[in-house]
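All remarks here apply to the structure that follows.
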Amino acid sequence: MTHLLINTIVAGTSFIEGWAKIQDSTIDQIEIWIDGSHQGNATYGLPRPDVGGDYGYQWAWDTTTYPNGIHTIQVKAVAANGESAFLPQNGETTIQIDVQNHDITPPVTSIKLDGQAGNDNWYVTPVEITLTATDDLAGVQGINYRIDGGTWQIYQAPLTLVDEGITNFEFRSIDQAGNVEPTQQRQIKIDTRSPLVDTWTDQADYTRIEPFIVRYTVSDPEPGSGLDTVVAAFEEQTVVADQTVDLFWADLGSYTLEVTTGDYAGWTTTDQASFNLIATLDSLLGTVDHLCELGDIDNKGVCKALSQRLEHALQKRDAEQLQIAANTLNVFVKQVKTQAGKHISDRGARILLMDAQYVIEHLN
Ligand SMILES: [Ca+2]
Ligand SMILES: [Ca+2]
Ligand SMILES: [Ca+2]
C-alpha cells in the first residue's frame, strides 16, 4: 500500500516521502507524526507513475528544530471514507531516525572593558579586556584578538591595554565545527595624562606705561584625547595668549594670570604666573606724558611744570641726592593735589599720587 523512503541519519531539512492509495475511497490527508505527536500534513497527489497515478506524498522536515538523537517517524493516511492507517515500510509502521545536525552557526564573543571612565567615552586608566564566547552546538574552540591590525593572538586570559590614544581592538571566535565568527571591532580610547599648561610673565615687575602681554602655552601629551577647553583669566577678565593688557589705570600691587586647560577625557591642569605693578621716576614721567596725551591733564603749562619737577627729581636721584629728590617729589604731590579736579582729572590725579607715594617710599 505504501513505500516510505527515508534515510536513517538526517541533518538540516530532510524529506519524508512515499505513496499511498486506497481502494473504494480516496486519500483525504497524509499526517506526519514525530515522537508520537502530529506535526503536520504532507503534500499529497504528486505524480508516481511507478504505482500508476498521482499517489505520491512529500513532507519537508526541518530537523534543526529537533535535538540531536533518535526520533520516531510515523505516517498516517486518512481516507475520505473515514478509514485511517499508519503506513508501513518493510513491515514497520514506526521508523527510527537519527538526527545529527551539523553545526553551521559560529560562536558569539562578548567583550567586557574595565577601567575608570572619563568623558566622551575615554578611559582615564588602563583598561582590562575580558572576552567570553558561547557556541550553540559544537562548542568554542578558541578566541582570537588583534590590536591595531596586528597579528592575531590567541586569547587566554584577560589582558590589560595600556596604550594611550585610540586603539582598534578586533576579536572573534571559532567553534569546534570550524565556524568562524565575523570579526567584531571596538575602539578603546585611553588618556591617562593631564594636559600641560605653562604660564609666565615676561617681567617680574611692570609699570603702568608698559604693556603686559599674556603668555601661556597649552598642550595634551600625544597620543591623547586632545585639548577641549582653555580658560585664561587675568583679574576676572578672560584673556588669550599674546593679548596685550592695558595696566595704565590699574592699582599698584600684585597681579596673577591663571590658565586652566582641560582635555576631552576630563583631565584639567592649572598654572599661574604673577607680577608686581610698580612705579618708578621714569614711569611717573611717562604717566604724566600719557595723561597729557589723553587730555586728563588739559593744560600745557601744567604738563610742563609737572614734567620739569619730575626731571629735577631724576637728576637728584641720579646724583644720589635722595633727600632732595624726595623733597622734589613732595612738591610734585602738592602740585597734583592743587590741580586735581581742575586741570588734572580725578582719575589722573589718583594714579599720579599713588605712584609718587610709591616712588618716594622706594627711593634709594
Ligand atoms: Ca557553533
Ligand atoms: Ca590627556
Ligand atoms: Ca609657569
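Figure legend. Inter-residue proximity from segment 321-332: first residues under 12 Å from V359 (Cα atoms), second residues assigned to a loop (DSSP other than H, G, I, E, B) and modelled with pLDDT under 95, beta-carbon distance below 7 Å, spacing 6+ or different chains. Indicated pairs: L322/L363; L322/N364; A325/L363; A326/L363. For segment 68-94, filtered to residues that are within 26 Å of L137 (Cα to Cα) and hydrophobic (A, V, I, L, M, F, W, C), the residue that is modelled with the lowest pLDDT is I70. Only one of the numbered conditions (1) modelled with pLDDT of 95 or more; (2) farther than 30 Å from W122 by Cβ is violated by P195, and that is (2). Of the residues making up segment 176-227, those that are surrounded by 17 or more Cβ atoms within 10 Å (Cβ to Cβ) and within 16 Å of ligand 3 (Cβ to nearest atom) are S194, P195, V197, T199, T201, F212, V214, R215, Y216, V218. Filtering segment 45-63 to residues that are charged (D, E, K, R) and touching a strand residue (DSSP E or B) at 6+ places or on another chain (Cβ under 7 Å) leaves R48, D54, D62. Within segment 78-95, work out how many residues are in contact with an Asp or Glu (Cβ under 8 Å, 6 or more places away or on another chain) and in a strand (DSSP E or B). The total comes to 2. Being among the charged types (D, E, K, R) and farther than 25 Å from D136 by Cα is true of D24. Just one of T192, T199 is within 24 Å of G266 (Cβ to Cβ), in contact (Cβ under 8 Å) with a residue 60 or more places away in the chain, of a type in the set (S, T, N, Q) and assigned to a strand (DSSP E or B); which is it? Just a single option satisfies the conditions, and that option is T199.
Just one of the listed residues (Q156, Q141, Q176) is touching a residue at least 60 places away in the same chain (Cβ under 8 Å) and farther than 14 Å from T192 by Cα, namely Q176. Scanning segment 108-137 for residues that are within 16 Å of ligand 1 (Cβ to nearest atom) and either closer than 23 Å to S225 by Cα or in a strand (DSSP E or B) (or both) turns up V108, T109, S110, T132, A133, T134.
Could you tell me whether any residue of segment 104-123 is more than 30 Å from T270 (Cβ to Cβ), loosely packed, with under 14 Cβ neighbours inside 10 Å and without any contact (Cβ under 8 Å) to a residue 12 or more places away in the chain? Looking through segment 104-123, none of the residues is more than 30 Å from T270 (Cβ to Cβ), loosely packed, with under 14 Cβ neighbours inside 10 Å and without any contact (Cβ under 8 Å) to a residue 12 or more places away in the chain. Can you confirm whether Q156 is polar (S, T, N, Q), within 16 Å of ligand 1 (Cβ to nearest atom), more than 30 Å from T280 (Cα to Cα) and in the same structural domain as T130 (by TED's automatic domain parsing)? For Q156, the condition - polar (S, T, N, Q), within 16 Å of ligand 1 (Cβ to nearest atom), more than 30 Å from T280 (Cα to Cα) and in the same structural domain as T130 (by TED's automatic domain parsing) - is not met. Of the residues making up segment 162-184, at least one is touching a strand residue (DSSP E or B) at 6+ places or on another chain (Cβ under 9 Å), in a strand (DSSP E or B), within 16 Å of ligand 2 (Cβ to nearest atom) and of a type in the set (S, T, N, Q). Would you check if A177 is more than 30 Å from T125 (Cα to Cα) and within 16 Å of ligand 1 (Cβ to nearest atom)? Considered against the rule, which asks whether it is more than 30 Å from T125 (Cα to Cα) and within 16 Å of ligand 1 (Cβ to nearest atom), A177 comes out as yes. Just to be sure, is G149 away from ligand 2 (no atom under 16 Å from the Cβ), within 22 Å of the chain's Cα centre (by Cα) and at positive phi? Criteria met by G149.
The values are calculated or read from the model by the stated rules, or taken from the named source; none is laboratory data. Please read these numbers as outputs of a predicted model, since none were measured by experiment. Reconstructed Cβ throughout: ideal geometry from the backbone, glycine too, with neighbour counts over all protein chains shown.
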